[in-house]
Amino acid sequence: MAKLDLKLYRGYVNDEELIVSGHVFKSWAPDKYQLDSKSLRHAVAILQMFRIKPYPNVEVTLIFKGLNITTRTLDDGFFRFTVPFTEALESGWHKYEVTCKLFDFGVVESGELLKPFKSKLGIISDIDDTFLISHSNSFFKKLYVLLLRNVNGRQIFEDVVVHYKALSRAGQTNDEASNSFFYVSSSEWNLYEFIETFARLHQLPKAVIKLKKIKAGISDFLFTGRGSHDHKFIKIKDIISFYPQLDYVLLGDDSQHDPQIYERICKIFPKNIKAVYIRQTSAREKNKVTMILNNISAMDVNICYFKYSHEAIKHSKSIGVI
């Protein structure tokens, strides 16, 4: 009997449009494998997440607040609903459903989408080596921790949670309200569940997570997180365009291309970027990164090149962000 599986990702909505997305598989979805197994069992689970089989050109139907809309998956099993939505909707997280039926069997999954609380601030953060210690500078060490350290064994930078929670609450007077967070990474959709679980375990702000095109093979696994990072620029640009009324704080690190990406974003949105934070991942600051940040600063954007999160917290307080 053929398998049919469905994975949904957190979506988001403004006053005019709604966006939700996911993947359909003719294998188990990557989230079906245990994330807390030890040593070699964990390595096998991670490898299985990259042995998935996406299902192309299969019908999926979105059900949400009177919407009942059908589309089909792309060649890599990915689908995205970008649809008009003008109904009044309370701020916060809302449930939606997607169904997929094939021949005489089908699957229904529930996801969540965000209607932001009223605020002046949005936060966009990278993941690897920005809050999740990943050793992106070292190919072999990165693979080692990914394969042999389960979600409970992976480490987070000290004081990151304190900083992110403060950014989440900045300017809010209602205990239920928070500023909107987006985690954007060059990790593939295969690792979505791992990232979401890690963030939840460490009580990081709940966020919309946007990742790179899914991979479907062990050979692809060896290049996880590598290659072009231009998708991050596109996804960040889309977020800011979707919520243009917000000022944004961008957080990244100097292990890959975050400074260059954030510089491009600042040039395109000269009135939207409040501050750029770049974590220093090696023993010394990188001259090229310093030059880029100085250029960003010349565009009247606050910058902070930091090694420890308590330095970033101090900076955020000094500019009135928290």
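The values are calculated or read from the model by the stated rules, or taken from the named source; none is laboratory data. Remember, predicted model here, so these are calculated numbers, not experimental data. Ideal geometry is used to build each Cβ from the backbone, glycine not excepted, and the neighbour counts take in all protein chains shown. In case anyone asks, the SASA skips ligands and DNA or RNA and just uses the protein heavy atoms, side chains included. Shrake-Rupley method; radii C 1.70, N 1.55, O 1.52, S 1.80 Å.
Determine, yes or no, whether Lys53 is crowded, with 21+ Cβ neighbours inside 10 Å, among the basic types (Lys, Arg), in contact (Cβ under 8 Å) with a residue 12 or more places away in the chain and in contact with a strand residue (DSSP E or B) (Cβ under 7 Å, 6 or more places away or on another chain).
So Lys53 does not fit the description; no.
Which condition number does Glu311 fail, the rest of (1) surrounded by 15 or more Cβ atoms within 10 Å (Cβ to Cβ); (2) in contact (Cβ under 8 Å) with a residue 24 or more places away in the chain; (3) part of a helix (DSSP H, G or I); (4) more than 17 Å from the chain's Cα centre (by Cα) being met?
(2)
Which number in (1) of a type outside the set (Lys, Arg); (2) closer than 18 Å to Asn68 by Cα; (3) in a loop (DSSP other than H, G, I, E, B) marks the one condition that Trp28 misses?
(2)
Where the second residue is surrounded by fewer than 21 Cβ atoms within 10 Å (Cβ to Cβ) and among the acidic types (Asp, Glu) and the first is closer than 18 Å to Asn179 by Cβ and lies in region 196-217, which pairs have Cβ atoms under 9 Å and are six or more apart or on separate chains?
Lys206/Glu112; Ala207/Glu196; Ile209/Glu196; Lys210/Asp238
Within region 2-39, can you find the residues that are hydroxyl-bearing (Ser, Thr, Tyr) and either under 24 Å from Glu90 (Cα atoms) or open to solvent by less than 30 Å² (accessible area, probe 1.4 Å) (or both)?
Of everything in region 2-39, those that are hydroxyl-bearing (Ser, Thr, Tyr) and either under 24 Å from Glu90 (Cα atoms) or open to solvent by less than 30 Å² (accessible area, probe 1.4 Å) (or both) turn out to be Tyr9, Tyr12, Ser21, Ser27, Ser37.
Only one of Thr86, Thr99 is more than 22 Å from the chain's Cα centre (by Cα) and under 30 Å from Lys271 (Cβ atoms). Can you tell me which?
Criteria check complete, one pass: Thr86.
Going by the structure shown, is Phe182 closer than 20 Å to Gly252 by Cα and assigned to a strand (DSSP E or B)? Explain how you work it out, then say what you get.
Values: closer than 20 Å to Gly252 by Cα: yes; assigned to a strand (DSSP E or B): yes.
For Phe182, the condition - closer than 20 Å to Gly252 by Cα and assigned to a strand (DSSP E or B) - is met.
Out of all the residues in region 196-213, is one or more at pLDDT below 95, in contact with a strand residue (DSSP E or B) (Cβ under 7 Å, 6 or more places away or on another chain) and over 30 Å from Pro56 (Cα atoms)?
no
Exactly one of (1) touching a helix residue (DSSP H, G or I) at 6+ places or on another chain (Cβ under 9 Å); (2) open to solvent by 10 Å² or more (accessible area, probe 1.4 Å) is unmet by Asn179. Its number?
That leaves (2) as the condition not met.
State whether the residues of region 117-129 include one that is surrounded by 15 or more Cβ atoms within 10 Å (Cβ to Cβ) and more than 28 Å from Arg80 (Cα to Cα). Let's see the steps before the verdict.
Keep residues of region 117-129 that are surrounded by 15 or more Cβ atoms within 10 Å (Cβ to Cβ), which gives 117, 119, 121-129.
Still in the running and more than 28 Å from Arg80 (Cα to Cα): 129.
Yes, some residue in region 117-129 is surrounded by 15 or more Cβ atoms within 10 Å (Cβ to Cβ) and more than 28 Å from Arg80 (Cα to Cα).
Please give the strands (runs of 3 or more DSSP E) falling wholly within region 91-167 in which 2 or more residues are within 20 Å of Asp258 (Cβ to Cβ).
121-125
Take the residues in region 287-308 that are closer than 20 Å to Phe157 by Cα and not hydroxyl-bearing (Ser, Thr, Tyr), then tell me which one is surrounded by the fewest Cβ atoms within 10 Å (Cβ to Cβ).
Pass one, region 287-308, residues closer than 20 Å to Phe157 by Cα: 303-308.
Narrowing further to those that are not hydroxyl-bearing (Ser, Thr, Tyr): 303-304, 306-307.
Details: Ile303: 22, Cys304: 19, Phe306: 19, Lys307: 15.
Per the stated criteria, the residue is Lys307.
Just the residues that are out of contact with any Phe, Trp or Tyr (no Cβ under 9 Å at 6 or more places or on another chain) and under 21 Å from Lys267 (Cβ atoms), please, taken from region 303-320.
Ile319
Starting from region 120-147, keep only residues that are at pLDDT below 95, then list their pairs with residues that are in a helix (DSSP H, G or I) and among the aromatic types (Phe, Trp, Tyr) whose Cβ atoms are within a distance under 7 Å, requiring at least 6 positions of separation or different chains.
Close Cβ pairs (under 7 Å, with a partner that is in a helix (DSSP H, G or I) and among the aromatic types (Phe, Trp, Tyr)) do not exist here.
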